[in-house]
Amino acid sequence: MMEKIKVGLLGFGGIGQAHYQHYQLLEKEGSPIQLQAICDANLEQVKRVIGGEHREYDLYTKLTDMLRDDTLDYIDICLPTYLHAEASIEALRHNKHVFCEKPMALNSTECQAMIKAAEDNNRLLMIAQCLRFMTYYRYLKDCVASGRLGKVISADFFRGANPPLYSANRWMLDERLSGGGLLDLHIHDVDMIYWLFGRPEWVSAVGQNVYEGSGYDVVSAHFGYGDQKVIHAASDWSLEGDYEFQMTFRVNFERGNLVLTNEGLKENLRDGGSFIPDLDDRSGIYGEIKYFADVIRRSALIETVPLADSLSVIQLIESERASIEQNGAKIKPGWN
Ligand SMILES: NC(=O)c1ccc[n+]([C@@H]2O[C@H](COP(=O)([O-])OP(=O)(O)OC[C@H]3O[C@@H](n4cnc5c(N)ncnc54)[C@H](O)[C@@H]3O)[C@@H](O)[C@H]2O)c1
């Protein structure tokens, strides 16, 4: 029987609990992966959510204690963003591979320190850019890469949500802790643009602050590639009231277009007709966890979310922030 990859989950809030559910699903399906330990400063919350099952897991309140378990292959980091760099580096130095939630870190300096720790300790580090594993976005990626609908003419991405007033002590609305909507929400589409089209020559962005101290809650950005295509992404997490989360795109090609709405993905063909692609509804979290465990098992390289991409995406967002501060000036991103 194949040796199981053993996981220590660090952080059991909103996204940590979503990861937990996917570990359960993967184990039920017989994937050679096993959630062995859970660490969260608030153990009561962990026990409340997992109920009697907590006897199956080793429970910790401190990463340092969980890292003493030599049998763990990787640490899955679902902590608030301001702790990503510190926790990743500590785990890598203890010889663990690390799977860390997006955004990689608060700034590119922290990202570079994380990459150095992974290299120095010869361990894998992958950032959980879940869109790269979502079937709708993989379908789009395939369409762009294969050129089956011709060249891209324009692309528009949008993400809208209620403000994260629910986060503990509103940490997500403190720019110093989360990077604000620009880094927390908008990053998904910036990562997608980077994955689809590579490095832009310039970026021009405008943004608005709505909640005190939260940074840019509303963002609208254009990405220039030195050709004619018009690439735009916007996000807004100041949509209050009974607003339903939106994750959409509209990508126009020479011979048709792909449109994602909350109803799903539709392909419209220039020469007539449209159809709904037949895609499975596996989540991005399912795909990324399965992929990371498989890369460890095969001692392979991370090809779907290379660390260099994750660093570049943070640098791109830093350029967007600079552009917003200069009233939308075109900024040439630095890629050091
Ligand atoms: N991929 C996605 O779509 C997605 C969605 C939501 C959140 N996220 C990212 O995941 C990260 C966490 O977000 P969240 O919404 O789950 O936050 P959260 O506040 O709901 O959860 C964080 C958890 O970490 C625990 N914690 C905090 N400090 C700790 C410490 N020092 N040691 C141990 N435990 C500690 C808290 O008790 C809490 O349970 C953020 O970086 C966020 O951007 C990603």
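Just so you know, all these numbers are worked out from the coordinates, no wet-lab data involved. These figures come from a predicted structure and were not determined experimentally. Cβ sites come from the backbone with ideal geometry, for glycine too, and all protein chains shown count toward neighbours.
Taking the number of other C-beta atoms within 10 Å as the exposure measure, put Tyr82, Tyr216 in order starting with the fewest.
Details: Tyr82 16, Tyr216 25.
By the 10 Å Cβ count, ascending, the order reads Tyr82, Tyr216.
Given the options Ala233, Ala161, Ala205, state which has the largest fluctuation in a GNM of the chain using a 10 Å cut-off (strictly under) for Cα springs. Among Ala233, Ala161, Ala205, the largest mean-square fluctuation in the Gaussian network model of the chain belongs to Ala161.
Taking segment 244-336, which chymotrypsin sites (Phe, Trp or Tyr not before Pro) meet the DSSP loop condition and have no more than 13 other C-beta atoms within 10 Å? Don't skip to the end; give the middle numbers.
Values: sites: Phe245, Phe249, Phe253, Phe275, Tyr286, Tyr291, Phe292, Trp335; in loops: Phe245, Trp335.
Hits after loop and neighbour filter: Phe245, Trp335.
Would you please report the Å³ per residue occupied by the convex hull of the alpha carbon atoms in segment 5-129?
Details: hull volume 12.0 nm³, N = 125.
Convex hull of Cα atoms, per residue: 96 Å³.
One decimal place: the segment Leu43-Arg170 gains 43.7 nm when fully extended, by the rule 0.36 nm per residue minus the C-alpha distance. Label sites at Leu269 and Ser299, each approximated as a point 7 angstrom past Cα along Cα to Cβ, lie 4.8 nm apart. Each residue in Trp202, Trp195 was given a count of other beta-carbon atoms within 10 angstrom of its own, and listing them fewest first yields Trp202, Trp195. The C-alpha atoms of the chain define a longest principal axis, and helix 307-325 lies at about 50 degrees to it. Taking the chain as a Gaussian network of alpha-carbon nodes connected by springs under 10 Å, the highest mean-square fluctuation of the residues Asp58, Asp73, Asp242 belongs to Asp242. Estimated from helical segments only, the mean residue ellipticity of the chain at 222 nm is -10000 deg cm²/dmol, where each DSSP H run of four or more residues counts as -39500 (n - 2.57). Beyond 20 Å, what share of the Cα-Cα pairs of segment 134-207 is found? Please give it as a whole percent. Across segment 134-207, Cα pairs with separations above 20 Å total 45 percent. Computed from the Cα positions only, the extents of segment 56-169 along the three principal axes stand at 53, 38, 36 Å, in decreasing order. Across Arg270, Arg282, Arg298, mean-square fluctuation computed from a Gaussian network of the chain (C-alpha pairs under 10 Å connected) peaks at Arg298.
Can you tell me how segment 102-170 classifies by the Cα gyration tensor, rounded, prolate or oblate, using a/c under 1.5 as the rounded cut?
Values: a/c = 2.64, a/b = 1.31, b/c = 2.02.
In terms of gyration-tensor shape, oblate.
Which of the GluC sites (Glu not before Pro) across segment 198-286 are loop residues per DSSP, with 14 or fewer other Cβ within 10 Å?
On the way: sites: Glu201, Glu212, Glu240, Glu244, Glu254, Glu263, Glu267; in loops: Glu201, Glu212, Glu240, Glu244, Glu254, Glu263.
Here the sparse-neighbourhood loop sites are Glu201, Glu212, Glu240, Glu244, Glu254, Glu263.
Once Rh for the chain is found with the Kirkwood sum over Cα pairs, what is the Stokes-Einstein diffusion coefficient at 25 °C and 0.890 mPa s, in µm²/s? After rounding, the answer is 118 µm²/s. For the pair Asp278 and Glu254, label points projected 7 Å from Cα toward Cβ lie 2.9 nm apart. When the alpha carbon gyration tensor of segment 172-328 is reduced to an equivalent ellipsoid, the three semi-axes, largest first, read 26, 22, 19 Å.
Please compare each pair in Lys62/Lys290; Lys96/Lys151; Lys4/Lys266; Lys47/Lys266 to a cut-off of 32 Å on the Cα-Cα distance and tell me which ones are over it. Kindly include the intermediate steps, with their values, before the conclusion.
Details: Lys62/Lys290 26 Å; Lys96/Lys151 42 Å; Lys4/Lys266 38 Å; Lys47/Lys266 42 Å.
Cα-Cα > 32 Å for Lys96/Lys151; Lys4/Lys266; Lys47/Lys266; rest within.
Relative to the longest principal axis of the Cα atoms of the chain, the long axis of helix 135-146 makes an angle of roughly 50 degrees.
Kindly express, to the nearest 10 degrees and within the range 0 to 90, the angle between helix 284-297's C-alpha long axis and the longest C-alpha principal axis of the chain. With both axes taken from Cα atoms, the answer is about 60 degrees.
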